[in-house]
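Derivation of every value follows stated rules applied to the coordinates shown; laboratory data play no part. Keep in mind that this is a model prediction, so the values were computed, not measured. Reconstructed Cβ throughout: ideal geometry from the backbone, glycine too, with neighbour counts over all protein chains shown.
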Amino acid sequence: SIYIHTDQSIAPIQTTMWGVFFEDINFGADGGIYAELIKNRSFEFAKPLMGWSIKGKKIKEGDLLILNRQGSPFNPRFLRLNVQEAAKGDVGILNEGFRGIGVKKGLKYDFSLMYRQHRGNVLLHVEFVDEKNAVIGSTLLKLASTDANWHQQEVSLVSTATAEKAKLNIWFEGNSLVDVDMISLFPSDTWKGRKGGLRGDMVQMLADMKPGFIRFPGGCIVEGMDLANRYQWKKTIGPIENRQLIMNRWNVEFGHRPAPDYFQTFGLGFFEYFQLAEDLGAQALPILNCGMACQYNTAELIPLEDLGPYIQDALDLIEFANGDENSKWGKMRASMGHPKPFHLKYLGVGNENWGPQYIERAKLFQQKIKEKYPEIKLIFSSGTDPDSERFHYLNNELRAMKADIIDEHYYRSPDWFLKNASRYDSYDRKGAKVFAGEFAAHNHNKITGSDKNTWQAAIAEAAFMTGLERNAEVVNMASYAPLFAHSEGWQWAPDLIWVNNLNVYGTPNYYVQKLFSTNKGTHVLGMTKEAKAISGVDGLYASSVIDTVKKEIIIKIVNTEKTTLNQTIVLDGKKKISVGTITIIDGDPEGKNSFEQAKNFSPKEQNISVKKQQLVLNLSPNSLNVLKLKY
Ligand code: AHR
């Protein structure tokens, strides 16, 4: 029997307990949640015409040129077209999108561009073509202004068919010497209908999880391959045409999945991240570079005496998020449309950095930030190798410097997750809190992704998560990683949510995360099985919590055995319970979800009744069971 001590509240559960970790990896942002459909809209990729082709019967040498405004720190390049007596089909450009452009029948798309016309007037034919080159939606746009200044114009077009890999043609008709830049296309069904916003279906998957926090923007991209390519939040705010793009750190020959066309345009920048956090009702949890590049690639770091600007970036970020409109950075936030503060409470310094060099830098950040903002909880990283000397060194050092929260990462086998479900039972209750900032069970090889998101991996994570939940006194936050992957643009697997240009599906792991996150409770309850904590006893892993607001006892039980297990649940306490529900996910450990079978593994709920404070459960093989009992 499993005894739930319904009156024995052990520790509060933080509202931040279960969250999400967003990184622009696997086309997570550009080509993913950032709904821009034009690849290389400002001709700033390493090869200026990457993603574009030149089309037409009447193009002479020199009619299309990429010019470079030398001296402009951002967006220096644009396309100059010399259009002479051109009819439709004579002079044009085509954009291939990110592995194609996904268009939906009947949906409106907003096309825009920046331009200046030195002479003449040109008419644009903007059209979608499908994979067979048939036109599936078109519109016209007359470029109205004819002076030496840059202008923006926009027009909408409706797709007449659904296609996963459409392309966009732009034909130039008439006579003109015209410069074009920031050629952009967004669907109208973005999240909250925001112009230039995020993919609605992808954000909805996050909203459905009701995450307690969103960690952003990475991950390794915070560090960068080198410091020049680190993430710098100040370059990601303000008008999008002024956001200086960089090569994505995942634009690499990584395993067999190179992504040479992977850049960060920062259309999804820090303002948008804060806004997303606010939309989701999640705490924003930005991570900043600590003055060190990704140590898996380079050992580049900033000397301690030159760390000032990096620390200033952190101080300014807090002002950007929380400062009033009279402060420099608060004013900037207000000018972007958010006069009210974002109420930032957490800030991470460094991602998977290590060695005494990290600790020295972490201490300087801590000292300066705490001096000015003692209320901000600082998160430091103890890396990704949880059983290593390096990890223990960092953990000890960070505890000694009284870090508020330590970020632990683990990409390990399902077996490791099962064995480590009691990892936090022995952690010091009084010291630093733990943020399990990146975790995922990997069956085989994370690089080749030979095993993507099986139920076996998901159930091992579920078992492990009962251990995180039982130890909520120490573990304050946890998030699976990575979050998103485009099926044709990924570098890392497994991942929580898979997308293509039209569709999204949650993996079995997603449904595990969602079940925990939407049933997190307010306090941990005491529970035992014949006087033993339930963590691997008879293949069972369990935790129980109470939600004092909803008046529910929530019990999560994972059966990792190949056989059905019968268990009596005894509700020991004064609370009278007679009804509730049980939600189950179970099935073949080798099974997965897919675009075609998106709900193969997903929760199924049924009612249950409780008699004399007891109920008997038949826990199916390889199952996660979530009991919700009303009191
Ligand atoms: O989640 C993928 C990568 O794993 C992250 O960028 C990094 O923090 C970790 O090594």
Mean Cβ-within-10 Å packing, highest first, puts peptides 207-214, 225-232, 541-548 in the order 541-548, 207-214, 225-232
Two-site label geometry, Ala161 and Thr518: point separation in nm, points 7 Å out along Cα→Cβ:
3.7 nm
What does the charge count near Leu301 come to, summing +1 for each Lys or Arg and -1 for each Asp or Glu among other residues with Cβ under 13 Å from its Cβ?
-4
Within-12-Å neighbourhood charge of Gln367 [Cβ basis; K, R +1; D, E -1]
+4
J(HN,Hα) series, the range 22-35, from Karplus relation 6.51 cos²θ - 1.76 cosθ + 1.60, nearest Hz, glycine and proline x:
9, 9, 7, 10, 6, 6, x, 9, 5, x, x, 5, 6, 7
Treating only the Cβ of Lys, Arg, Asp and Glu as charged (+1, +1, -1, -1), what charge dipole size does the range 52-187 show about its Cα centre? Round to the nearest 20 debye.
140 debye
Which order results if Asp387, Asp588 are arranged by neighbouring Cβ count within 10 Å, fewest first?
Asp387, Asp588
Sort 528-535, 417-424, 318-325, 475-482 for me by packing, meaning the mean count of neighbouring Cβ atoms within 10 Å per residue, highest on top.
475-482, 417-424, 318-325, 528-535
Chain lengthening between Asp7 and Glu375 when straightened (0.36 nm per residue, less Cα-Cα)
129.2 nm
Could you please state, rounded to a whole Å, how far the C-alpha centre of the range 287-358 is from the C-alpha centre of the range 1-44?
20 Å
Assuming R0 = 41 Å, can you tell me the calculated FRET efficiency for the pair Asp415 and Asn326, based on Cβ-Cβ distance, to the nearest 0.05?
0.15
Over the range 52-187: Rg over Rh, Cα atoms, Kirkwood Rh
0.96
Remind me, relative contact order of the chain in percent, using alpha carbon pairs under 8 angstrom and six or more residues apart?
16 percent
Given backbone amide H placed at 1.01 Å from N, residues whose amide H is under 5 Å from that of Leu525, ignoring those fewer than 5 places away on the same chain, are Ile10, Ser544, Val545, Ile546
Considering the Cα positions of the chain, please state its Rg to one decimal place and its Dmax as a whole number of Å.
26.5, 88
In the range 330-405, how does Rg compare with the Kirkwood Rh, expressed as the Rg/Rh ratio over alpha carbon atoms?
1.10
Can you give me the distance in nm between label points at Phe74 and Ser335, each placed 7 Å from the Cα along the Cα-to-Cβ direction?
1.1 nm
Work out how much length Glu590 to Glu154 would gain on full extension: take 0.36 nm times their residue separation and subtract the Cα-Cα distance, in nm to one decimal.
152.1 nm
Take every Cα pair under 8 Å in the range 158-257 that's 6+ residues apart, average their separations, divide by the length, and report that relative contact order as a whole percent.
13 percent
Percent of alpha-carbon pairs separated by more than 25 Å within the range 463-573:
35 percent
Burial ranking of peptide ranges 502-512, 335-345, 194-204 (average Cβ count within 10 Å, highest at the top):
502-512, 194-204, 335-345
Given 37 °C, 0.692 mPa s and a Kirkwood radius over Cα pairs, the Stokes-Einstein diffusion coefficient of the range 241-314 in µm²/s is 217 µm²/s
Residues with beta-carbon under 14 Å from that of Leu502, excluding Leu502: net charge, scoring Lys, Arg +1 and Asp, Glu -1?
-2
On average, how much area does the Cα convex hull of the range 494-631 cover when viewed from any direction, in nm²?
9.3 nm²
With the Cα gyration tensor of the range 69-121 giving a ≥ b ≥ c as the square roots of its eigenvalues, does the rule (a/c under 1.5 for rounded; else a/b larger than b/c for prolate; else oblate) give rounded, prolate or oblate?
oblate
Across bins of 10 angstrom width beginning at 0, how are the C-alpha pair distances of the range 128-199 distributed, in whole percent?
15, 41, 33, 10
Could you work out how far apart the two model spin labels at Leu502 and Lys55 are, taking each label as a point 7 Å from the Cα in the direction of the beta carbon, and quote it in nm?
2.0 nm
Using only Cα atoms, what Kirkwood radius does the range 397-507 have, in angstroms?
14.9 Å
Go ahead and estimate [θ] at 222 nm for the chain from helices alone: -39,500 (n - 2.57) per DSSP H run with n ≥ 4, summed, over the residue count, rounded to 500.
-5500 deg cm²/dmol
Plugging the Cβ-Cβ distance of Val579 and Val135 into 1/(1 + (r/R0)^6) at R0 = 51 Å yields, to the nearest 0.05, a FRET efficiency of 0.30
Identify the GluC sites (Glu not before Pro) of the range 339-430 meeting these criteria: DSSP loop state and at most 12 other C-beta atoms within 10 Å of the C-beta.
Glu375
In nm, what is the difference between 0.36 nm times the number of residues separating Arg119 and Ser188 and their Cα-Cα distance?
21.5 nm
As a footprinting exposure proxy, order Val610, Val222, Val178 by other Cβ within 10 Å, with the fewest listed first.
Val610, Val178, Val222
